[in-house]
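Asks: Would you mind keeping the following structure in view while I ask a few things?
The values are calculated or read from the model by the stated rules, or taken from the named source; none is laboratory data. In this text the structure is predicted, and so the values were computed from the model without any measurement. Glycine also receives a Cβ, built like all others from the backbone with ideal geometry; neighbour counts cover every protein chain displayed. We work out accessible area using only protein heavy atoms, side chains counted, and drop any ligands, DNA or RNA first. Shrake-Rupley method; radii C 1.70, N 1.55, O 1.52, S 1.80 Å.
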Amino acid sequence: MQTARVVLDRDFRIGEIDPRLYGSFVEHLGRCVYGGIFEPGHPVADEMGFRQDVLDLVRELGVPFVRYPGGNFVSGYDWRDGVGPVEERPRRLDLAWMSTETNAVGTNEFAAWAARAGAEVNLAVNLGTAGIDEARALVEYCNHPGGTYWSDLRHSHGVPEPHGIRTWCLGNEMDALWQLGHKTADEYGRLACQTAIAMTWVDPAIELVACGSSHARMPTFPRWEASVLDHVYEYVDYLSLHTYARNLDDDLGTFLAQSLAMDAQIETVAATCDFVKAKKRSRKRMMLAFDEWNVWHHTRDADKALLREAPWRVAPPLCEEPYTLEDALVVGCMVISLLKHADRVKIACLAQLVNAIAPISTRTGGGAWRQTTFFPFLHASRYGRGAALDVQVSSPCYADSEFDAVPLLEATATYDEEREALTIFAVNRGQEDALRLEGDIRAFPGYKVVERLVLRHENPKAVNTLARPAEVAPHGGDAGCQDGALTATLPRLSWNVIRLGGAPAHATERTHGRAEHPH
């Protein structure tokens, strides 16, 4: 058995973790909205048609922040279609996903759902087929108290109190040819700048996210970022990043290493932001919003075939990925990447939340279940609070077709000083053997293991289903801690959480952790 080592110190910190790092995304895509969060007539639907079983799972995840309504969908969306009496709302062709949009759920309904879920809304405006006027009107509709045309229109729709939406996205993936209203960097930068000015004149308290590249493989990356920031640097608060990890060639070693590409993407975009900051002699430090990230590769070909054979359906079952243990490990590695860059990445949105590339799946008229990817996100959201620590990792490595040196151990740690809670998140990428973990935590005297959680399965391709919802689920494990030395064995291909805290008088030197979420 090989050994990896970590060194933790409470004074070596990357930065404070913004709770919005554990955000998610609800787009009008497939069955994410219709048949996902919203299904009138379902046995557990509330008076507005929202599924309570889905709401319970969203609350369990602890998602504090949800981006809406897109995504590609927003670039052809007229928000005015989704407000007012539902029976008067038009049905539209959604060109992004070759679907029919009923507009039964719009801005007010989603804000009501988010409030029930305990989440803040991150609203995107259409800068594809729309522009400045529609965006400023939407801010006024959502955030102005009353006494003006758009705010009074909201009152007339039965919503007297403003939504108070703080964070807004200036379009979506505008560098992409697949985007309605695709623009060059200068075209988008100028429009985003003028839209940002108008929106903040309506409500100076809002924060704005400008579009970065759709992914790091785009031919204009990172020149797109530099050009856009030339226009918007002083008018926005965040620049967006997107990525989706794939395993198209069934090359597990390379797939498990995709978080290394995510690290490089974050560092490249941060460096580009700092270059523009220096060029403009600005004092402002641009923060990052990784507002689309996930694993997405199982259903791409099937989705294309479905849309060719049956276009313009309402809520077709698109992007319903059957996530495996392998996928959950990659999601865990990606969460670790976000935490390792918590000084710059303040917003992140797992795309998406329900059914479409999601940790939560539902059966129309039936039940809901947790996908394998639910658990790494849940553990990070629940325990990854406070400050992200600058963990020193020493690990054996392997080489693959894309990376020369991939550590077997992917790990980071968080420290919640107020609660005296230290949490280590670790993935063993090893496909054959367990990995011995040794940790130096002498900077945390008296800390003991509180709980150990492990997510693994003998079959890396195992999935959860409605019939077998706990096929892949976390369980307890052992970890030892004595005199500042932590020891644990990480099974092959496993996600691991080791929670430590100040030891009560009855604590033992070795604790057998019990999974809090055995589902």
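Asks: Can you tell me how many residues within segment 198-227 are in a loop (DSSP other than H, G, I, E, B) and touching a strand residue (DSSP E or B) at 6+ places or on another chain (Cβ under 8 Å)?
Replies: So the answer is 7.
Asks: Could you give every pair whose Cβ atoms fall below 8 Å, whose first residue belongs to segment 309-324 and is farther than 12 Å from residue 356 by Cβ, and whose second residue is of a type in the set (Phe, Trp, Tyr), counting only separations of at least 6 or pairs across chains?
Replies: Cβ pairs passing all conditions: 314/34.
Asks: Go through (1) surrounded by fewer than 22 Cβ atoms within 10 Å (Cβ to Cβ); (2) in a helix (DSSP H, G or I) for residue 21 and report which single condition fails.
Replies: (1)
Asks: Out of segment 323-347, which residues are more than 27 Å from residue 462 (Cα to Cα) and not in a helix (DSSP H, G or I)?
Replies: 341, 342, 343, 344, 345, 346, 347
Asks: Looking at segment 452-470, which of the residues that are touching a Ser or Thr at 6+ places or on another chain (Cβ under 8 Å) and open to solvent by 50 Å² or more (accessible area, probe 1.4 Å) is farthest from residue 376 (Cα to Cα)?
Replies: Out of the qualifying residues, it is 466.
Asks: Out of segment 163-197, which residues are in a helix (DSSP H, G or I) and open to solvent by 50 Å² or more (accessible area, probe 1.4 Å)?
Replies: Correct list: 186, 187, 190, 194.
Asks: Given (1) closer than 20 Å to residue 377 by Cβ; (2) open to solvent by 20 Å² or more (accessible area, probe 1.4 Å), identify the lone condition not met by residue 32.
Replies: All conditions pass for residue 32, except number (2).
Asks: Being open to solvent by 40 Å² or more (accessible area, probe 1.4 Å), of a type outside the set (A, V, I, L, M) and in a loop (DSSP other than H, G, I, E, B) is the requirement here; does residue 442 meet it?
Replies: yes
Asks: Condition test on residue 313, is it open to solvent by 50 Å² or more (accessible area, probe 1.4 Å) and within 21 Å of residue 19 (Cα to Cα)?
Replies: no
Asks: Scan segment 269-281 for residues that are surrounded by fewer than 16 Cβ atoms within 10 Å (Cβ to Cβ) and under 23 Å from the mean Cα position of the chain (by Cα) and report the count.
Replies: 1
Asks: Further, regarding this structure: Mind checking which residues of segment 395-429 are over 25 Å from residue 451 (Cβ atoms), in a strand (DSSP E or B) and either open to solvent by 60 Å² or more (accessible area, probe 1.4 Å) or of a type outside the set (Ser, Thr, Tyr) (or both)?
Replies: Those that are over 25 Å from residue 451 (Cβ atoms), in a strand (DSSP E or B) and either open to solvent by 60 Å² or more (accessible area, probe 1.4 Å) or of a type outside the set (Ser, Thr, Tyr) (or both): 397, 406.
Asks: Residues 234, 320: which one is outside any strand (DSSP E or B), at pLDDT 95 or above and either among the β-branched types (Val, Ile, Thr) or crowded, with 18+ Cβ neighbours inside 10 Å (or both)?
Replies: 320
Asks: Continuing with the same structure: With respect to the numbered conditions (1) in contact with a Gly (Cβ under 7 Å, 6 or more places away or on another chain); (2) modelled with pLDDT of 95 or more, which one is the sole condition not fulfilled by residue 400?
Replies: Residue 400 satisfies all of (1) in contact with a Gly (Cβ under 7 Å, 6 or more places away or on another chain); (2) modelled with pLDDT of 95 or more except (2).
Asks: Sticking with this one: Considering only residues that are in a loop (DSSP other than H, G, I, E, B) and not polar (S, T, N, Q), look in segment 237-282 and name the one that is farthest from residue 328 (Cα to Cα).
Replies: Checking each candidate, the answer is 281.
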